[in-house]
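The values are calculated or read from the model by the stated rules, or taken from the named source; none is laboratory data. Since the model is a prediction, treat every value here as computed from it, not as a measurement. Virtual Cβ from ideal backbone geometry, glycine too; neighbours counted across all protein chains shown. Side chains are part of the model used for accessible areas, which takes the heavy atoms of the whole protein and leaves out ligands, DNA and RNA. Shrake-Rupley method; radii C 1.70, N 1.55, O 1.52, S 1.80 Å.
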Amino acid sequence: MQSSEMTHSKYKRVLLRNTTLSFVAYHIGFALTLFIHAYTNARLDTYALLSFLAFIYLSHCALFYAIKTRPVVTLHFTKVMLVAQMVLWMIVFIPWNYFLGSAKPLALILAFFGVHYLFLYARFLFSALTISYLAVVHLVNSYIAIHYFGLDDEFYLQIVYVAGFVLSSGLIALHSSHVAQKIRDNAAKDSLTQLYNRRHFLKLLEVEQERVRRHGEVASLLMLDIDHFKNINDSFGHYTGDKILTGFAQCITKEIRANDFCCRWGGEEFLILLCHTNSTQAYEFGLRLKNCICTQVLLPNIEPQTITFSGGISQLDAESTVHESINRADELLYLAKEGGRDRICGPDIGTARAQIA
Ligand SMILES: Nc1nc2c(ncn2[C@@H]2O[C@H](COP(=O)(O)OP(=O)(O)OP(=O)(O)O)[C@@H](O)[C@H]2O)c(=O)[nH]1
């Protein structure tokens, strides 16, 4: 519960920052255009500009209100709000062009689809290309409209307008790509330990299982559970319990290879996928990890020997599903607990019984 609350507040912070930035970005383009209008004494449609400003204020107030009052912010809500900002941006864009008498339908339609894609997937390179493309289309359209169809407008003002457009949408795109990356990371990771969460780990495990099935690769699972964690929480408090979980996760991350994966499977349970590793090697790895945990998860007032774990190992095989392999590791973990804890059982039930006998 605590970790999901942290995730919600993270989403909320990210969303509020994003909304603020888009608010600022609108004004950069707006102020730039206004400044040039004033500086050159060009024709200024006050009514259009005021309605544009009023729309921005009101719609942003609505966005801020929606985010602030939402008790729980989820990934889905975050995505909806990102798209809402994009829609808002487009709605503002269209009347502004219309009122200023320089509507350019092709650029608007392209902008709609381009920016829609940009906000949904938020890849900065793609966004930069889209923005540049829209800027060129806008300028070419303006040039044709002014010089060949006699539109009552001045081309240099369109250049200023496009500069504002490139700057403000570039800023939004840059920030959105950061937001999207954060959301992707949050969706894949456990917020306390920063290890992968169960859902993402299962996806990676399915890929490895396919390698085992198709190419005869070797890989093993090691399921770990900290012993008597409830006692640790009760004796030292939840804050210390959290610190131990974080230290435990850091220790595992340091010890596994770059192509291995680890996730927080549940409260004080961790699941490690060791690639190119058979069950005997996984067992040896587990023993090595035991020593590291003793020496690395150090906290004041706690004897290092207090923190032990039990483990179960299972090797992936071509015939089993990932869930069957996980269940095997879980059963062996259970045997390790039954056998007195602070031990690793594997690679099969027979050996495990001998190990705990
Ligand atoms: N501090 C902290 N504690 C947690 C977290 N998630 C789960 N726990 C606690 O972990 C404890 C797990 O207790 P049990 O399932 O009884 O297991 P155990 O005490 O480790 O006993 P054995 O596994 O049998 O050795 C519970 O007290 C949970 O409240 C967390 O994120 N932070």
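Could you check, for the stretch 286-301, whether at least one of its residues is open to solvent by 50 Å² or more (accessible area, probe 1.4 Å), at pLDDT 85 or above and under 27 Å from Val218 (Cα atoms)?
yes
Given the stretch 186-256, what helices (runs of 4 or more DSSP H) lie entirely inside it while holding 3 or more residues that are free of Cβ contacts under 8 Å to residues at least 40 places away in the same chain and open to solvent by 80 Å² or more (accessible area, probe 1.4 Å)? First the steps, then the outcome.
Details: elements: 198-215, 229-236, 238-255.
Filter on the stretch 186-256 gives 198-215, 229-236.
For the stretch 242-283, which positions are within 16 Å of Ser314 (Cβ to Cβ), in contact with a Cys (Cβ under 8 Å, 6 or more places away or on another chain) and within 16 Å of the ligand (Cβ to nearest atom)?
Scanning the stretch 242-283 gives Phe270, Leu271.
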